[in-house]
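Visitor: Here it is, the structure in full.
The values are calculated or read from the model by the stated rules, or taken from the named source; none is laboratory data. Keep in mind it's a predicted model, so treat the numbers as computed, not measured. Here Cβ is always computed from backbone atoms with ideal geometry, including for glycine, and neighbour counts include all displayed protein chains.
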């Protein structure tokens, strides 16, 4: 359409409006609203994969990002997922889910975390909503914590998944840290952890990794969990579990939920963020669940209504497809069995690679202790390597990982474990 | 005075439908209640003081509808398309696209990048701005995949609250019920501008110009790109041009909400004219797109946020900052819906089929408008009902008041929001007479 050419004065500068689209170079002379926007720092984890992809070397190995790979280094879509998708395609409509997400999906998901016969589920004491994978579940909880416990702080382990800090920061919840990883032993700094729990003001919120701690792979033993639970109880702290790896750690979902079950037995009111990204390989579908154990059914209804109030101005209601996959699998006994088998296969392959990597290093005659490779659990191994050693791995051997020395075991295969061990030995043997 | 049973029923329904809208700041009305029904255990809970949130007024309509056993009940509440048979619709192109995706064994379900599916982003920008738009050709648009319209609005608002100098947004009166909270939770302060004129059931253009004219320089202005929700009242192209000129002169930042492209007039290009008008003068703006209605992808949560910038370098920096907002919210967006959209938009044949199905949906709605108008004429219902055919898109702002709405629900089992908004998509040729009867009764019996 034609626009009359007009000139006018704005803030002391002449400018020319109009003309057909494409010829408004005058307007470009006005400065952008965004000229002061700084380029944001690259995400440290995702940046690793970018660098890997640009590397032309045939020997390159990606042990950076935490997505599962098979023994050929290929991403995997579980058979149970393919079958579920076949059943779903073309049959369902695409109407909005309720704000709290798929009721059926949430039901099945809570059984995994709380136990199939959990009295809390029977008594309807769990307020739960479908969330955007683990990130979304943590963020909803952080927003909820901010809104209803504005005076509270969150205690976050050192180290942790980097995005945890971003999540609680953007929710405007003040953060503190607690000791977790013990560098010398490459294990848990249990006494320092307990000290921090003790010294935190009563009623603090604690972020706990339910199993397969990210990035260290170091989990408390059952006995240690019991002690942590008792102390948290005595201090009246609120335990919030991030469970991103149920089933993926030991191969047995029940076993991986042990920490949560201990806390439930001890009478805590807990919160849980669950994710299907890894254990069902549904990464990009963004499927997860946030739950909060309440005093009774009435409070659970109330809390759920408030969680929904936080979701509505963020995305209105959660995505359908991933939820349909989860529901299809978990409510069909055969598909559920298939899933459990496939989860165990993934976990076993990783456990096998841990053993192989350690064995290789020991056979190369490394004088360092590599016990921690098999002591640690889950997708990640905190190797103990320094950033400088990691840089050498990348420059000299084309091995890509995050500079904190975290190795994604899912990227290790029978084909590259020897090469990897050799490279690690090379950069660590001089001390 | 004794209430008849009918009065009591009406009163109950009225109370239900008139339950207060959620506050703009959801937390402000929370009081510190302590319940002790369970022998003191509840005092252990750190969330004991939390009170139940009010029902979402729009979704609450469907809840009430579902409870009603009447065989003649009609749901004209939520804005999801329905066929003549009253059924939800999955477009044929969408089914074809899904089959393609399922059959492609090479596809994996890895994480998308934080900004989402790149191809989807490019195609979405082309769709709203036009493939020949200089902004697109010059790479001046930062586009990120988001969770439908809501998600796009939220990410855009968060970005503005962090990086834009004037943290106030003007929203039209009325607007979609969720808009105020999206913006206030993002950290923007929310003001309104006059939009709907109840006297004419049309645009209060003078009020709009006055209010935008007295907004502080640089303020953000929310504009419904087409098919205004809930009124169905859109500015004409000439009026859009006047709005554009005014906004440019005051350096107001346009934030378009485009939830109905193609769905309003039946033409994708026509429904994008307001947006393209603003982009054509070379300035910057923010656009939220949704594929919920026009591709029927409601539950898959597919949308895109675009920020049109002065240069490619700026757009790149803006994109990097958008990632910082997204990562701590949900890390990266869901893959399924965006893959379907990309599949359709990139394929000439599928794209064409989509435009045909889209036009069919829009045409059916326009037909319903004409049928309802005729039905009211036939009944001699008092008043001027031409706004039913003048308004556009999924919704009609009937002009009925909440008392009249309450009667329609109680006596005729018509479910709609108490502001008099009806979703035309919920009507069919078979049910138009029933609605016309209900409206006629409400107009003639309740003032």
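Visitor: Would the stretch A:59-80 turn up any residue that is over 21 Å from residue B:336 (Cα atoms) and facing chain B (nearest Cβ under 9 Å)?
Guide: Yes; the residues of the stretch A:59-80 include at least one that is over 21 Å from residue B:336 (Cα atoms) and facing chain B (nearest Cβ under 9 Å).
Visitor: Would you check which residues across the stretch A:154-179 are within 24 Å of residue A:261 (Cα to Cα) and touching a helix residue (DSSP H, G or I) at 6+ places or on another chain (Cβ under 6 Å) and list them?
Guide: If the condition is that a residue be within 24 Å of residue A:261 (Cα to Cα) and touching a helix residue (DSSP H, G or I) at 6+ places or on another chain (Cβ under 6 Å), then A:154, A:156, A:178, A:179 are the ones that fit.
Visitor: Given A:349, A:406, which one is within 21 Å of the chain's Cα centre (by Cα), at pLDDT below 95 and not assigned by TED's automatic domain parsing to the domain that holds residue A:278?
Guide: None of the others qualify; the one that does is A:406.
Visitor: Checking the structure you have, find out if any residue of the stretch A:106-124 is within 30 Å of residue A:394 (Cα to Cα), more than 12 Å from chain B (Cβ to nearest Cβ) and surrounded by fewer than 17 Cβ atoms within 10 Å (Cβ to Cβ).
Guide: No, the stretch A:106-124 contains no residue that is within 30 Å of residue A:394 (Cα to Cα), more than 12 Å from chain B (Cβ to nearest Cβ) and surrounded by fewer than 17 Cβ atoms within 10 Å (Cβ to Cβ).
Visitor: Are there strands (runs of 3 or more DSSP E) fully within the stretch A:82-199 with at least 2 residues that are under 22 Å from the mean Cα position of the chain (by Cα) and within 16 Å of residue A:303 (Cα to Cα)? List them.
Guide: The strands (runs of 3 or more DSSP E) meeting that bar are A:126-131.
Visitor: Still on this structure, please answer the following. If I filter the stretch B:65-89 down to residues being closer than 17 Å to residue A:97 by Cα and part of a helix (DSSP H, G or I), which single residue comes out as farthest from the chain's Cα centre (by Cα)?
Guide: Here the residue is B:66.
Visitor: Follow-up. I'd like the full set of residues that are within 16 Å of residue B:336 (Cα to Cα) and at pLDDT 95 or above, limited to the stretch A:85-109.
Guide: The answer is none; no residue qualifies.
Visitor: Same structure again: I'd like the residue in the stretch B:90-104 that is more than 8 Å from every other protein chain (Cβ to nearest Cβ) and in a loop (DSSP other than H, G, I, E, B) and, out of all such residues, is surrounded by the most Cβ atoms within 10 Å (Cβ to Cβ).
Guide: The extreme case among them is B:91.
Visitor: Would you say residue A:84 is touching a helix residue (DSSP H, G or I) at 6+ places or on another chain (Cβ under 7 Å) and either surrounded by 15 or more Cβ atoms within 10 Å (Cβ to Cβ) or away from chain B (no Cβ under 14 Å) (or both)?
Guide: The answer is yes for residue A:84.
Visitor: A further question follows. Among (1) within 21 Å of residue A:57 (Cα to Cα); (2) buried (at least 17 other Cβ atoms within 10 Å of the Cβ); (3) out of contact with any strand residue (DSSP E or B) (no Cβ under 7 Å at 6 or more places or on another chain), where does residue A:343 come up short?
Guide: Condition (1) is where residue A:343 drops out.
Visitor: Oh, and also: Give the residues of the stretch A:178-209 that are at pLDDT 95 or above and within 24 Å of residue A:65 (Cβ to Cβ), sorted by residue number.
Guide: A:180, A:181, A:207, A:208, A:209
Visitor: Something else about it: Consider residue A:215 against the criteria (1) in contact with a strand residue (DSSP E or B) (Cβ under 8 Å, 6 or more places away or on another chain); (2) modelled with pLDDT of 95 or more: it satisfies all of them except one. Which criterion is unmet?
Guide: Of everything listed in (1) in contact with a strand residue (DSSP E or B) (Cβ under 8 Å, 6 or more places away or on another chain); (2) modelled with pLDDT of 95 or more, residue A:215 misses just condition (2).
Visitor: Here's something else I'd like to know. So residue A:296 fits all but one of (1) in contact (Cβ under 8 Å) with a residue 60 or more places away in the chain; (2) farther than 21 Å from residue A:66 by Cβ; (3) more than 9 Å from every other protein chain (Cβ to nearest Cβ); what number is the exception?
Guide: (3)
Visitor: List the pairs whose first member sits in the stretch A:165-177 and is within 10 Å of chain B (Cβ to nearest Cβ), whose second member is part of a strand (DSSP E or B), and whose Cβ atoms are under 9 Å apart, counting only residues at least 6 apart or on separate chains?
Guide: From the stretch A:165-177, the pairs are A:165/A:156; A:165/A:175; A:168/A:154; A:168/A:156; A:168/A:175; A:168/A:207; A:169/A:175; A:171/A:154.
Visitor: Only residues that are within 11 Å of chain A (Cβ to nearest Cβ) and buried (at least 17 other Cβ atoms within 10 Å of the Cβ): list them for the stretch B:63-87, please.
Guide: Hits for the stretch B:63-87 are B:78, B:79, B:80, B:81, B:82.
Visitor: Could you list all residues from the stretch A:29-63 that are touching a helix residue (DSSP H, G or I) at 6+ places or on another chain (Cβ under 6 Å) and under 14 Å from residue B:323 (Cα atoms)?
Guide: If the condition is that a residue be touching a helix residue (DSSP H, G or I) at 6+ places or on another chain (Cβ under 6 Å) and under 14 Å from residue B:323 (Cα atoms), then A:37, A:39, A:40 are the ones that fit.
Visitor: Determine whether the stretch A:17-38 contains at least one residue that is within 11 Å of chain B (Cβ to nearest Cβ) and at pLDDT 80 or above.
Guide: Taking every residue of the stretch A:17-38 in turn, at least one turns out to be within 11 Å of chain B (Cβ to nearest Cβ) and at pLDDT 80 or above.
Visitor: May I pose another question? Within the stretch B:432-447, can you find the residues that are surrounded by fewer than 19 Cβ atoms within 10 Å (Cβ to Cβ) and either in contact with a strand residue (DSSP E or B) (Cβ under 9 Å, 6 or more places away or on another chain) or part of a loop (DSSP other than H, G, I, E, B) (or both)?
Guide: Within the stretch B:432-447, B:434, B:446, B:447 qualify.
Visitor: For residue B:281, indicate whether it is more than 29 Å from residue B:91 (Cβ to Cβ) and out of contact with any strand residue (DSSP E or B) (no Cβ under 9 Å at 6 or more places or on another chain).
Guide: no
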